[in-house]
Amino acid sequence: MNKELTANDTVEGLLEKIQLLEGKVNELEKAKKDAKEKLDLFQKQEETLTSIFNAAPAGIGMVRDRVFVEVNPAVIELTGYSREELLGKKSRILYSNDWDYEFVGEEKYKQIKDLGAGTVETVWKRKDGVLVDILLSSKPIDESDLSKGVIFTAKDISGSKKIQNALESSEERLKIIYQHAPDAIFLCDKDGNYFDGNLALESILGYSRSELKGKSFLSMGVFEKHEIVEAQKILTCSTMGQKTGPDELIIRQKDGGSIHIEVITYPVRIEGRMLTLGIARDLTERLKQEKFKRDSEQRISMHVNQTTLAVIEWDLDLKITNWNPAAEKIFGFSRKEAIGQLPAFFIPETDLALVENVWERLFKSKESVWGTNWNLNKNGDKVLCEWHNTPLKNENGEIVAIASLGLDVTNRNRSEKIQRVIYEISNATNTADNLKHLIENIRTELSNIIDTRNFFVALYNKENETFSLPFFADEKDNFKTFPIGKTLAGYVLRNQETLFANKSELKTLIEEGKVELVGAEPEVWLGVPLIVKGEATGVLAVQSYLDEDAYSVEDRKVLEFVSSQISLSVHRKNAEIEMAKALEKAKESDRLKSAFLANMSHEIRTPMNGILGFTNLLNSDDLSREDQRKYTSIIETSGKRMLGIINDLIDISKIESGMINVSLSEFNLNDSMDYVYSFFNPEARQKELILTYSTDLKYEDALICSDLEKLSAVLINLVKNALKYTDSGEINFGYTVVENRIRFHVKDTGIGIKEEKLEVIFNRFVQADRQLSSNYEGVGLGLAITKAYIDLLEGKIWVESEYQVGSTFYFEIPFMKGKEDKNTEFMENPIKEKSNKGLKILLAEDDKINQRLFSYMLKDASEELIIVDNGEEALETYKNTPNIDLVLMDIKMPGMDGYEATRRIKAYDKEARIIALSAFALEHEKQKAIEGGFCDYVSKPVSKQALLGTIDKYLK
Ligand code: ADP
């Protein structure tokens, strides 16, 4: 409906319209009233605002296009400018430089654009030039139309600068922390473009920050190609607002070296841009440590696998959890067999308590514990092990497992035992006072390492091929000595090798005829030779009658090992015993020597007495012819006796000094027998004894090769003794040929020799019965010399005698036949045509007394005796005198000696017969004389009998 009044309106219409108008008037009045109220309110608000505006402590103003439109009194106060000076002016007036003015403008409008309002911190320059820190906030009146102006507030913040400074210094600290953080920290964008980084970054990359500026990590060669892809992925994630890492990357440093790094990134929004804040860590050191750890773990496992020590681990229930290859080898159980087992599985019952004690100590002390105990290998053999048990603990020090390192010391233990046994045996050598004790001790010591219930040491006696057993321990047998024969010990001795045989092996040896069993049959027999300097001196044997396995191969080795010490000990003890015997002998011989000296004194004084006493008597004027003869005869006998003693002494000293040699020649044995007979027959007749001799060979077969002098001396000695020790009856001597030996005998019916003396009469200075034989002359050397000569002739001498009935001395020498029937030079070359009565003899002798003696002796034998004083004269005389039959030549003469003279005479007449006269009663002198051209040799003092006998040889 039209609400305007018109002329066409009806009353009703008009009324209606009036009513409408009235409503409108009311409305208007109400609106007027509202407006009035609003105006009042507005006026009230404006008043309030104006008073706030004027009273606000912060500066408030309005700018349009950065030109001041309005400012409150606070701005005026803040800037020092008046209202008029500010209004209509650009705000540049309040800035000290364009840079600040521009920054504030850009920043503020940027913020308003982005956020609807902006806040900037800046510095205003007051009218009086003082700079004031201002916090400026701006908000446009109409966001969509900035031309309408911007309201700003300016707050003097110089007052809170201290706080600000404090804030700044903490920022500084953060900066320092940031710069010096050990990890590299960097800021880059999604393309890897560098914005910022700390010192650690420089050191990781090797590039300085200025070198990095403006560059991208992705393109500057920090990453290898394939790593670039990884790096890009990280950056992309980061720009999408995700945290990444830690990721491991390899980067190339500026100097070309490459290192592993670990990177974590955080997305950060800075000034509206999404950037990547990265933290990178150099992994070189960590990787090194990890590698080291890995390597050492590997090494440890290598050790465990390769060591010769058994390495076993146990859990807390003492079940095996680890069993290394060495344990497998030592005990024979595989790892599989061992894992999960309890200790008793390879520890014998006897040692379990010992081991339990070790565990106990270990759990109590939580420390390593050593222990040595026997273990059992899979075969059930005992293995001695030294264990080092260590508790394995966690960080809290609680034991979680136990590791045991085991060293197999079975062999060491055995060799220690062997060493000890050897030591004890060698010790026993010093302490045991006889062989029996020594061997008893050896057995006791050996029983520490092997079963010695049946044990013996058999010592070899070469002379009679027997074994003697100073000590014998046996359950079944007992022997003191047995012949070597084919015994087991004999077998070992002969082969110089160990015999280790069980019953059946022994049987084979018996069947092969190699051994014969003496005594009970053992189940097993083990014997080793005792060898000293390569020679078997005996056998040590052990045996078992019950158990074939009583001895192992190890036992055999042990026995072989200790046998050399036993050999030495036994040998040493034997030597000691021998030495003790020798000492006893030496003492005995010392006693004998003293007795000898006393005896000798007696023996020498007696004849000397005779000689001197009767020589004195000879001087008496009233001596009858008969007395004279008697006295001279006594003097002669005494002299002979002296000579005999001296000859014996010289002979024995020659024997002792080894100066006696065998001088073989060919001679007729029957001649020698005849000579001895002729020599002693007068004496026998004198003592009214019957002396006879017998020969086995015919004269023409009796040519033998031997040492004539020694053989004669032996015969003469024995016959002389027979005569000496026989007062009545007869004496027979002679020889028989027994196989290839000549056996001589000298039999008498004399005083005989007591049985106990039979053995010693051949020793030096021994007389069978001092008491008795003191009636007989002699110093007890004759038989010793005799025996020595026979030894030299490789013969033997023995005696059979019955006390007070008679004695028979026997001796044998090898029978060497002479080649032809030619006598030796001594016996031969006789001057056959002539009788000794008509001899022309030349005597060369420098000693006047001897000259006279010889002329007496030769008075009856020679027709003419020419005596000269030296060799020269002898030579001259021989040359100038025809028909000289014989020359007697002293060897030692002044000027030309006997040798030289003989050589020259022989050169002049090789048929010349020259007999040497010498006081050198030595064997080699005689030899030398013969070699020097003499035909015979007579030693001084010369007896008439010997001289004529010798000359006689050349006349027969
Ligand atoms: P000697 O006769 O100088 O005492 P021997 O060495 O010749 O020394 O003899 C040693 C001992 O042997 C003699 O002292 C004597 O007791 C004894 N003897 C030697 N031959 C005989 C014998 N034919 N009859 C008895 N006893 C003898």
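Within the stretch 703-741, being outside any helix (DSSP H, G or I) and within 16 Å of the ligand (Cβ to nearest atom) holds for 725, 726, 727, 728, 729, 730, 731, 732, 733, 734. Residues in the stretch 459-498 that are basic (Lys, Arg) and part of a helix (DSSP H, G or I): 494 only. If you go through the stretch 83-100 and keep only what is over 17 Å from residue 149 (Cα atoms) and either open to solvent by less than 20 Å² (accessible area, probe 1.4 Å) or among the charged types (D, E, K, R) (or both), you end up with 83, 84, 85, 94, 95, 98, 100. Any residue in the stretch 395-409 that is surrounded by fewer than 16 Cβ atoms within 10 Å (Cβ to Cβ), touching a Phe, Trp or Tyr at 6+ places or on another chain (Cβ under 9 Å) and closer than 18 Å to residue 309 by Cβ? Yes - at least one qualifying residue is present in the stretch 395-409.
Identify, please: which residue in the stretch 514-525 is more than 21 Å from residue 466 (Cβ to Cβ) and either out of contact with any helix residue (DSSP H, G or I) (no Cβ under 6 Å at 6 or more places or on another chain) or at pLDDT below 90 (or both) and is, among those, most open to solvent (accessible area, probe 1.4 Å)?
Of all residues in the stretch 514-525, those more than 21 Å from residue 466 (Cβ to Cβ) come to 521-524.
Checking the rest, the ones that are also either out of contact with any helix residue (DSSP H, G or I) (no Cβ under 6 Å at 6 or more places or on another chain) or at pLDDT below 90 (or both) come to 521-522, 524.
On the way: 521: 95, 522: 2, 524: 3 Å².
Looking at residues that are more than 21 Å from residue 466 (Cβ to Cβ) and either out of contact with any helix residue (DSSP H, G or I) (no Cβ under 6 Å at 6 or more places or on another chain) or at pLDDT below 90 (or both), I get 521.
Being among the hydrophobic types (A, V, I, L, M, F, W, C), modelled with pLDDT of 85 or more, in a helix (DSSP H, G or I) and surrounded by 12 or more Cβ atoms within 10 Å (Cβ to Cβ) is a property that does not hold for residue 586.
Condition check ((1) within 16 Å of the ligand (Cβ to nearest atom); (2) buried (at least 18 other Cβ atoms within 10 Å of the Cβ); (3) in contact (Cβ under 8 Å) with a residue 24 or more places away in the chain; (4) part of a helix (DSSP H, G or I)) across all residues:
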| position | (1), (2), (3), (4) |
| --- | --- |
| 590 | no, no, no, yes |
| 595 | yes, no, yes, yes |
| 601 | yes, no, no, yes |
| 616 | no, no, no, yes |
| 640 | yes, no, yes, yes |
| 655 | yes, yes, yes, yes |
| 660 | no, yes, yes, no |
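Regarding residue 624, is this residue open to solvent by less than 70 Å² (accessible area, probe 1.4 Å) and within 30 Å of residue 477 (Cβ to Cβ)? No: the conditions fail for residue 624. In the stretch 722-740, the residues that are farther than 16 Å from residue 801 by Cα form Cβ pairs under 6 Å with partners that are open to solvent by less than 50 Å² (accessible area, probe 1.4 Å) and in a strand (DSSP E or B), at six or more places apart or across chains, as follows: 734/694; 735/742; 735/744.
Inside the stretch 61-82, can you point out the residues that are β-branched (Val, Ile, Thr) and surrounded by fewer than 22 Cβ atoms within 10 Å (Cβ to Cβ)?
At the first step, the residues of the stretch 61-82 found to be β-branched (Val, Ile, Thr) are 63, 67, 69, 71, 75-76, 79.
Correct list: 63, 67, 69, 76.
Figure legend. Inter-residue proximity from the stretch 786-797: first residues free of Cβ contacts under 8 Å to residues at least 12 places away in the same chain, second residues open to solvent by less than 20 Å² (accessible area, probe 1.4 Å), beta-carbon distance below 9 Å, spacing 6+ or different chains. No pairs are indicated.
Hey, does the stretch 695-702 have a residue that's within 12 Å of the ligand (Cβ to nearest atom), of a type in the set (Lys, Arg) and surrounded by fewer than 18 Cβ atoms within 10 Å (Cβ to Cβ)? Looking for residues that are within 12 Å of the ligand (Cβ to nearest atom), of a type in the set (Lys, Arg) and surrounded by fewer than 18 Cβ atoms within 10 Å (Cβ to Cβ), one finds none in the stretch 695-702, hence no.
Applying the set (1) under 30 Å from residue 705 (Cα atoms); (2) at pLDDT below 90; (3) more than 7 Å from the ligand (Cβ to nearest atom) to residue 781 leaves exactly one unmet item: (3).
No other residue among 567, 544, 563 is open to solvent by less than 20 Å² (accessible area, probe 1.4 Å), farther than 30 Å from residue 633 by Cα, touching a residue at least 40 places away in the same chain (Cβ under 8 Å) and in contact with a strand residue (DSSP E or B) (Cβ under 8 Å, 6 or more places away or on another chain) apart from 544.
The C-beta contact set for the stretch 488-509 (first residue under 20 Å from residue 557 (Cα atoms) and in contact (Cβ under 8 Å) with a residue 24 or more places away in the chain, second residue open to solvent by 50 Å² or more (accessible area, probe 1.4 Å) and assigned to a strand (DSSP E or B), distance under 6 angstrom, 6+ apart or interchain) comprises 493/460.
Hey, any hits in the stretch 815-831 for a residue that's within 16 Å of the ligand (Cβ to nearest atom) and either modelled with pLDDT of 85 or more or among the basic types (Lys, Arg) (or both)? I'd like the intermediate steps shown before the answer.
So the first thing to find is which residues in the stretch 815-831 are within 16 Å of the ligand (Cβ to nearest atom), and the list is none.
Taking every residue of the stretch 815-831 in turn, none turns out to be within 16 Å of the ligand (Cβ to nearest atom) and either modelled with pLDDT of 85 or more or among the basic types (Lys, Arg) (or both).
The set of residues in the stretch 446-464 that are open to solvent by 20 Å² or more (accessible area, probe 1.4 Å) and under 29 Å from the mean Cα position of the chain (by Cα) comprises 447, 448, 449. Considering the stretch 853-880, the residues that are hydrophobic (A, V, I, L, M, F, W, C) and open to solvent by 40 Å² or more (accessible area, probe 1.4 Å) include one that is farthest from residue 949 (Cα to Cα), namely 867. Residues that are within 21 Å of residue 794 (Cα to Cα), open to solvent by less than 20 Å² (accessible area, probe 1.4 Å), of a type outside the set (S, T, N, Q) and more than 16 Å from the ligand (Cβ to nearest atom): does the stretch 663-670 have at least one? Scanning the stretch 663-670 turns up at least one residue that is within 21 Å of residue 794 (Cα to Cα), open to solvent by less than 20 Å² (accessible area, probe 1.4 Å), of a type outside the set (S, T, N, Q) and more than 16 Å from the ligand (Cβ to nearest atom).
If you go through the stretch 130-151 and pick out every residue that is in a strand (DSSP E or B) and β-branched (Val, Ile, Thr), you end up with 4.
The values are calculated or read from the model by the stated rules, or taken from the named source; none is laboratory data. Not measured: the values here are computed from a predicted model. Using ideal geometry, Cβ is built from the backbone for each residue, glycine included, and neighbour counts are taken over all protein chains shown. Surface areas here come from the heavy atoms of the whole protein model, side chains and all, with no ligands, DNA or RNA. Shrake-Rupley method; radii C 1.70, N 1.55, O 1.52, S 1.80 Å.
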